[in-house]
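K.L.:
One structure coming up, written as structure tokens, with questions to follow.
The values are calculated or read from the model by the stated rules, or taken from the named source; none is laboratory data. This one's a predicted model, so the numbers in the text were calculated from it and none came from an experiment. Cβ sites come from the backbone with ideal geometry, for glycine too, and all protein chains shown count toward neighbours. In case anyone asks, the SASA skips ligands and DNA or RNA and just uses the protein heavy atoms, side chains included. Shrake-Rupley method; radii C 1.70, N 1.55, O 1.52, S 1.80 Å.
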Amino acid sequence: MGGNGSYKHAMETPGKRIVMTRVFDAPRELVFDAHSSCEHMSHWWGPRGYEVVTCEIDFRPGGTWRIVHRGEGEYSTPAFFGEYREVVRPERFVWTFGFEGMQGDPGPETYVFEEHDGKTTLTSTAEFDTIEQRDALLDTGMEEGAAETWDRLDEYLRELAER
């Protein structure tokens, strides 16, 4: 993928959205499943240097999720949360994505998994009420954090494939 700088992902900000895309060298069922449970997400969620300290995932429409990870610095113990709105295994899921201290209500974020020749293209689209809300999230270092998170997912998928 062409990316921003040295990142292996692409990010665009059309209107009140953030769209990120990355190709993983793994079948889509595996990439999808890596998003569906604490057993998996606790291995890769968050940027490097962070560890998941709380994870609750009820992966079904109407189910909720909450992940807290610990790191160092200003955002030392951020909590992320939301609700699953749609789950269509292994094609897509929609959840709301919020974090403590975020302006406004958690907005919907859609993940789409497409497989071609054994590789999976993952596209996430986050929607916001306003461009200001979108930009406030971007100002937290979200792009770098997302890139590192997806690097960690890529490493975790390689581990799973070797098992």
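K.L.:
How many residues are open to solvent by less than 30 Å² (accessible area, probe 1.4 Å), under 15 Å from the mean Cα position of the chain (by Cα) and at pLDDT 90 or above when one looks only at region 126-144?
P.N.:
Within region 126-144, residues that are open to solvent by less than 30 Å² (accessible area, probe 1.4 Å), under 15 Å from the mean Cα position of the chain (by Cα) and at pLDDT 90 or above number 1.
K.L.:
Please enumerate the residues belonging to region 39-88 that are closer than 14 Å to residue 145 by Cα, part of a strand (DSSP E or B) and open to solvent by 60 Å² or more (accessible area, probe 1.4 Å).
P.N.:
Hits for region 39-88 are 51, 70.
K.L.:
Here's a check for you: in region 100-117, which residue that is within 27 Å of residue 48 (Cβ to Cβ) and under 13 Å from the mean Cα position of the chain (by Cα) is most open to solvent (accessible area, probe 1.4 Å)?
P.N.:
Ranking the candidates gives 112 first.
K.L.:
Now, a different point. Considering only region 89-101, state which residues are out of contact with any helix residue (DSSP H, G or I) (no Cβ under 7 Å at 6 or more places or on another chain) and either among the hydroxyl-bearing types (Ser, Thr, Tyr) or part of a loop (DSSP other than H, G, I, E, B) (or both). Show your work before the answer.
P.N.:
Here is the first cut: in region 89-101, the residues out of contact with any helix residue (DSSP H, G or I) (no Cβ under 7 Å at 6 or more places or on another chain) are 91-101.
If the condition is that a residue be out of contact with any helix residue (DSSP H, G or I) (no Cβ under 7 Å at 6 or more places or on another chain) and either among the hydroxyl-bearing types (Ser, Thr, Tyr) or part of a loop (DSSP other than H, G, I, E, B) (or both), then 91, 96, 100, 101 are the ones that fit.
K.L.:
Something else about it: Checking residue 121 against (1) of a type outside the set (Gly, Ala, Ser); (2) touching a residue at least 40 places away in the same chain (Cβ under 8 Å); (3) in contact with a helix residue (DSSP H, G or I) (Cβ under 7 Å, 6 or more places away or on another chain); (4) under 22 Å from residue 159 (Cα atoms), only one condition comes out false. Which one?
P.N.:
(3)
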